[in-house]
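No value in this document is a laboratory result; all are computed from the given coordinates. All values reported here derive from a predicted model rather than from experimental measurement. Here the Cβ positions follow ideal geometry from the backbone for every residue, glycine too, while neighbour counts run over all protein chains shown.
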Amino acid sequence: MIETKRCVLNEVNQADFNDVKNLYVNDDVRKFLGGTREEVEIQGIIDQMVNNDVDAWYWGVRKALTLEFIGIISLDPHHSGNHTEVSYQLLPEWWGKGYATEVVKEVIEYGFQQLNLKRIVAETQAANKPSCKLLERVGMTKIDQYQRFGATQSLYSKSNCPSLHS
């Protein structure tokens, strides 16, 4: 478990199915993430989160006092295979309240301090301005831009080693 000032992050488990499903069927959440998913796909996604056999960590994010579901956050291999990526999805009612910044910052620190990662990346659509601003707010630097999934993607990076440039 990871705790922030306002949130608790617990490993995703099968009991989180309905909460995770609400993320994957939400048009607003999935606007920059390839669109919504069918319920049959979501069970496979949860299974992969729970039973992963790679260096990957998936947490459900809940409000500390009420345990209301806010979203999910993960550290898992970036598609390039070179780095670990922080990814996040929050339900729209939690947007603009600082929760994403709080948990992304804490998970990056967890990756550096507990997992001894040297670099963490994040990929987001360039058109997703709120996500780009969030990544900059937590100290990440845009290091690349490219076409993927039919859209311009921005790749951000943060390093835990002074000798590694962001």
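Values computed for the structure shown
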{"item": "Index of the failed condition, ASN51 passing every other in (1) within 23 Å of GLN14 (Cβ to Cβ); (2) of a type outside the set (A, V, I, L, M); (3) touching a Ser or Thr at 6+ places or on another chain (Cβ under 7 Å)", "result": "(3)"}
{"item": "Selection status of SER131, hydroxyl-bearing (Ser, Thr, Tyr), closer than 18 Å to ASN26 by Cβ and not in a strand (DSSP E or B)", "result": "yes"}
{"item": "Single residue of segment 51-81 satisfying the filter (aliphatic (A, V, I, L, M), free of Cβ contacts under 8 Å to residues at least 60 places away in the same chain and part of a strand (DSSP E or B)) that is farthest from LEU23 (Cα to Cα)", "result": "LEU75"}
{"item": "Test: residue in segment 129-149 that is farther than 21 Å from ILE46 by Cα, in contact (Cβ under 8 Å) with a residue 60 or more places away in the chain and of a type in the set (Gly, Ala, Ser)", "result": "yes"}
{"item": "Cross-chain or 6+ apart pairs with Cβ under 6 Å, segment 102-126 first and under 14 Å from MET1 (Cα atoms), then part of a strand (DSSP E or B) and of a type outside the set (Val, Ile, Thr)", "result": "VAL103/CYS7; GLY111/LEU75"}
{"item": "Unmet requirement for LEU90, which otherwise passes all of (1) free of Cβ contacts under 8 Å to residues at least 40 places away in the same chain; (2) surrounded by 19 or more Cβ atoms within 10 Å (Cβ to Cβ); (3) under 27 Å from ASN22 (Cα atoms); (4) of a type outside the set (Lys, Arg)", "result": "(1)"}
{"item": "Candidates GLU11, GLU38 - the one that is exposed (fewer than 14 other Cβ atoms within 10 Å of the Cβ), under 26 Å from GLN147 (Cα atoms) and out of contact with any Ser or Thr (no Cβ under 9 Å at 6 or more places or on another chain)", "result": "GLU38"}
